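A.B. asks: Could you have a look at this structure, given as structure tokens, before my questions?
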Amino acid sequence: MGIRFGPALLLAVTSILVSPAFSAPQDAPSFRVDVDIVRVPVTVVDRDGRLYGELERGAFTVLEDGVERDIVSFSGGESPLTLVVLLEHSRVVRYLLGEVLRPAAIFATQIMRRGDYAALVAFDNRPRVLSDFTANRQQLLSSVQRLAQSPPMFGESNLFDALRFLLEGGYLEDVEYMGLAEVEGRTGVLLVATGLDTFSRITFDEARRTAADAGVPVFSVGVGELAYIRAEPYLSGLQRMTYLQAQNQLRTLSQESGGRFYSVRFPRAVDGVLESIATMLRFQYTLGFRPSVTGAQRRRIEVLVDLDGDGNLDNERLDLNYRRYYHAPERRPDR
């Protein structure tokens with residue numbers, strides 16, 4: 001099958017819809033072929049926020065459980081991106097719906113460029129694919145508009161299940177979707193959510209493992225702080241702790257996948273956040289190595305960087321994004 005993916009805000013989105021959408025390029029996202037290579041997306045930023053986007057292969061060293069591995073594949077330089085925008089759309093965020101939908105509209109109108117592909121997925125008790133991968137901004141904005149016109153119907157917000165579906169794929173209404181982990185190129189997830197999970201079938205630890213193993217960075221825009229500020233006078237002590245835990249869950253899922261977590265306290269701050277996320281994805285490096293045959297199932301990854309080729313590592317002054325570990329697949333005995 002083909003690739004699938006695999007009232008103020010409404011007025012603002014409607015006014016944007018008249019913008020001309022660019023034509024879809026001919027090159028669509030493709031699927032991976034070599035499944036034996038561990039892919040490590042890396043973004044190199046120093047602690048002052050400077051991005052290093054033109055490094056060569058020799059600037060990088062990859063360690064697996066402390067042992068250096070040969071880098072057998074490498075890509076870098078500016079490149080289009082393939083992104084899935086994942087939005088929380090349950091009654092949990094009914095008072096924050098504008099703040100949740102606004103990043104998706106901004107991405108389509110201000111961030112997306114020719115050659116980029118994006119999909120839009122919303123979730124409540126289950127994920128819903130609102131727009132498969134497309135290079136057409138108009139299509140994405142139409143999906144955002146439809147979501148703005150649809151009040152959240154369910155109280156459940158199953159973040160962990162939605163993230164697993166996004167990364168690993170699965171069936172929705174008898175349609176099979178390929179997971180984003182199977183797509184080649186500069187892939188990423190833009191997750192806009194509180195971080196709360198009410199009733200997922202999988203646990204937080206299982207969601208962490210899925211995010212770490214996928215090799216797809218998850219960039220989270222957390223609206224939980226906004227929700228907390230508005231609801232704080234009415235919350236019990238236990239409810240306050242739940243919101244703090246939700247923030248930590250988003251932060252962990254992002255960091256361990258190789259992405260970043262941004263907590264949005266003021267709605268207008270999201271504009272700069274989205275631009276930063278897109279820039280990091282466009283100038284992301286992808287290092288590939290073949291895993292060792294022996295060793296623990298969970299294997300730690302460490303990326304070392306020498307910016308100027310002087311033989312001295314520069315990690316102390318860098319704020320690197322990359323997946324921190326992966327789980328080696330179980331090997332079947334030879335037949």
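Since every read-out is calculated from the coordinates, none of them should be taken as a lab result. Keep in mind that what you see is a predicted model, and the values were worked out from it rather than measured. Ideal geometry is used to build each Cβ from the backbone, glycine not excepted, and the neighbour counts take in all protein chains shown.
A.B. asks: At a 10 angstrom cut-off on C-beta neighbours, averaged per residue, how do the peptides 95-108, 144-157, 303-316 rank from highest to lowest?
C.D. replies: Output ranking for 95-108, 144-157, 303-316: 95-108, 144-157, 303-316.
A.B. asks: Evaluate 2.2 N^0.38 Å with N set to the residue count of region 79-282, then give the Cα radius of gyration divided by it.
C.D. replies: Cα Rg divided by the expected 2.2 N^0.38 Å: 0.94.
A.B. asks: For region 38-165, take N as its residue count and report Rg(C-alpha) divided by 2.2 N^0.38 Å.
C.D. replies: 1.34
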